[in-house]
Amino acid sequence: MAEAESTHPLGLWHSRLPGYGRCVVGVVTLLDLRESALSVDECMDAVRSPAAGGIALFVGVVREEDGGRGVHGLEYSAHPLAEGELRRVTDAVAAECPVTAVAVVHRVGPLQIGDLAVVIAVSSPHRAEAFAACRRLIDDLKEQVPIWKHQLFVDGDSEWVGSP
């Protein structure tokens with residue numbers, strides 16, 4: 001794994017800020033927050049490698065109920081620093097886990113039931129490492145990246161989840 005800053009076709013995608021850990025170039029192949037629909041195929045393609053013996057996926061989907069309450073839809077909001085925090089979290093997993101490649105995309109804006117909210121793909125020479133890194137990445141993302149969910153219930157009520 002090379003340590004350096006790299007220019008990705010979408011622009012500068014890694015930064016070296018104090019306390020932000022190691023930058024892993026070439027391992028984090030896709031990282032984005034976007035308002036448009038997410039693609040599992042895009043993430044799979046981003047982590048395919050001849051060195052990878054396994055690819056683990058996590059796909060978060062908007063469900064129709066939460067805690068026994070019917071959900072009409074939801075909206076994700078991201079803090080202006082969310083993309084940088086997502087980079088930090090993703091770089092940490094890429095640097096500390098034996099992975100070949102990592103891709104993560106998260107939706108922001110309004111979503112309907114069945115829409116994809118987050119897609120994470122991790123490739124590794126062996127499946128166990130791919131599964132472990134994928135699990136760690138979604139857990140760390142939910143815990144550390146400032147993205148908040150505003151759930152809209154069918155009864156007209158709403159609630160913020162994960163907001164300070």
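Worth a mention:
- Within region 135-148, being over 12 Å from the mean Cα position of the chain (by Cα) and either buried (at least 18 other Cβ atoms within 10 Å of the Cβ) or within 14 Å of T100 (Cβ to Cβ) (or both) holds for no residue.
- Residue check, S163 surrounded by fewer than 14 Cβ atoms within 10 Å (Cβ to Cβ) and polar (S, T, N, Q): yes
- Inspection of region 90-102 finds a residue satisfying the criterion of being among the acidic types (D, E) and over 19 Å from R34 (Cβ atoms).
- Of all residues in region 109-134, those satisfying the criterion of being within 23 Å of G70 (Cβ to Cβ) and surrounded by 15 or more Cβ atoms within 10 Å (Cβ to Cβ) are L111, D115, L116, A117, V118.
- When region 87-108 is filtered for residues that are surrounded by fewer than 17 Cβ atoms within 10 Å (Cβ to Cβ) and either charged (D, E, K, R) or closer than 12 Å to F58 by Cα (or both), only E96 remains.
- Candidates G21, G84, G60 - the one that is among the small types (G, A, S), over 26 Å from D157 (Cα atoms), at pLDDT 55 or above and surrounded by 12 or more Cβ atoms within 10 Å (Cβ to Cβ): G84
- If you go through region 108-134 and pick out every residue that is closer than 28 Å to P80 by Cβ and either aliphatic (A, V, I, L, M) or in contact with a Phe, Trp or Tyr (Cβ under 6 Å, 6 or more places away or on another chain) (or both), you end up with 11.
The values are calculated or read from the model by the stated rules, or taken from the named source; none is laboratory data. Remember, it's a predicted structure, so these values are computed and weren't measured experimentally. For neighbour counting, all protein chains shown are included, and Cβ atoms are generated from backbone atoms with ideal geometry for every residue, glycine included.
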